[in-house]
1. Checking the structure you have, find out if any residue of the stretch 89-98 is within 16 Å of Val33 (Cα to Cα) and buried (at least 17 other Cβ atoms within 10 Å of the Cβ).
2. Tally time: how many residues in the stretch 207-225 are farther than 24 Å from Leu189 by Cα and free of Cβ contacts under 8 Å to residues at least 60 places away in the same chain?
3. Can you say whether Asp236 is in a loop (DSSP other than H, G, I, E, B) and of a type outside the set (Phe, Trp, Tyr), as far as the supplied structure shows?
4. Can you find a residue that is part of a loop (DSSP other than H, G, I, E, B), open to solvent by less than 10 Å² (accessible area, probe 1.4 Å), at pLDDT 95 or above and over 30 Å from Ala345 (Cα atoms) anywhere in the stretch 191-214?
5. Which pairs have Cβ atoms under 6 Å, sit 6 or more apart or on different chains, and link a residue in the stretch 184-196 that is farther than 11 Å from Gly220 by Cβ to one that is among the basic types (Lys, Arg)?
6. Filtering the stretch 260-307 down to residues that are under 15 Å from Asp194 (Cβ atoms) and among the charged types (D, E, K, R), which residue is surrounded by the most Cβ atoms within 10 Å (Cβ to Cβ)?
7. For Asn128, only one of the following conditions fails: (1) touching a residue at least 12 places away in the same chain (Cβ under 8 Å); (2) among the polar types (S, T, N, Q); (3) surrounded by fewer than 17 Cβ atoms within 10 Å (Cβ to Cβ). What is its number?
8. Tally up the residues in the stretch 28-45 that are of a type in the set (S, T, N, Q), within 17 Å of Met1 (Cβ to Cβ) and assigned to a loop (DSSP other than H, G, I, E, B), please.
Amino acid sequence: MNIAMLTDRLALGGGPECIRLLAAHLPQHRFTVFAAGGGTLPALESLPNVRTVRKTPSRRELAGFDLIHCHHLRPLATLRAPADVPVVNTIHGVHSRKFEFGSGPVNAVRGMLRRTLERRLFSAAAANVVLTAEDQEWLERHYRLTNLVRIPNGVELDGFPDADPGALQDELQLPPHRRCLMMIARFELLKGHDTLIAAVEAAAEPLRKAGALIVLIGDGQMLEPCRAEVRTARLDDLVIFCGGRAGARRFLPLADALLLPSRREGLPLIALEAGVCGVPVIGAAVPGVASLISDGCDGRLFPAGDAAAFAALLADEKLYASLPALGRVWRKTVAEHYNVTAMAAAHDALYRAVGRGRAEL
């Protein structure tokens, strides 16, 4: 099939990485990736069955495709699809839920407008791919959608080439002989860096006693405010800011645990990639994280936004001894339930069903 993939821009992140995984593991299909926001993603663009175009496609251009697959709300909103070309849309987390964390009339109006837009756009698609049962239930209840297909994200179990831990440690300028609690995320409100810093401040002495180091990889609009907060709280010996790094997942083998204090997630690929490395997750119990992790079995969970509960976890000296066993179970869970082969096969079946115009999903 000849498939048009539409995304916002080519950059590190869940949506573009999902496109790369699908293209890499569905070589029988041809993909033209339209990214009006520009950017570059060499791992995707080097695939032989992928062509990238940095603009919004016209209706005439899209007429030559068997299927259109959108991976971001913006291209879905601007899409001008020919009537005979079916549209599949992947919902990488229900973005309108971010307005649940705000207050005031402006936030309420913006939330209402976003939900109205999402309901209209999602209803018009031939099928919407959802990543978790929680998102599916929310969309069915609030938007009354009947065109949902649940396909969890998957990862490549052999996707991490051998690397020299010493070289990776030197690249991040990490001190030796420290437990590494790593967070890889954009610095924005929904990722919960503020919750993490508050928890670290409350658990500072137990963390120092445990020899723990909080390693933050990423950049974004909240980076400098977070740096200032760490300086003010005198946590510079515990928290290291490493900035944005190309291919940041390659640092996961250095981690004793991955931190995910998010206020909202879809189904975070970084958590699955941590599992490939045998690194357990310590995360907020939000949809997309709680659907992955069983507390005390293959990771640890705390109530979203609850810095005190997060601090209590970090201060528990038993936590650090338990991390290797949690990581082994998490690796097994990812291998059995979140393999990219299953994700690609489910998309292939969906493409063929929708592309033939069949009604059953």
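The values are calculated or read from the model by the stated rules, or taken from the named source; none is laboratory data. What you are looking at is a predicted structure, and each value in this text was computed from that prediction instead of being measured. Heads up, the Cβs are rebuilt from the backbone with ideal geometry, glycines too, and the neighbour counts pull from every protein chain shown. Accessible surface areas use protein heavy atoms only, side chains included; no ligands, DNA or RNA. Shrake-Rupley method; radii C 1.70, N 1.55, O 1.52, S 1.80 Å.
1. Taking every residue of the stretch 89-98 in turn, at least one turns out to be within 16 Å of Val33 (Cα to Cα) and buried (at least 17 other Cβ atoms within 10 Å of the Cβ).
2. Final tally of qualifying residues: 2.
3. yes
4. Yes, some residue in the stretch 191-214 is part of a loop (DSSP other than H, G, I, E, B), open to solvent by less than 10 Å² (accessible area, probe 1.4 Å), at pLDDT 95 or above and over 30 Å from Ala345 (Cα atoms).
5. Sorted first by the residue in the stretch 184-196, then by its partner, the pairs are Gly192/Arg263.
6. Within the stretch 260-307, the match that is surrounded by the most Cβ atoms within 10 Å (Cβ to Cβ) is Arg264.
7. Every condition holds for Asn128 apart from (3).
8. Selection size over the stretch 28-45: 1.
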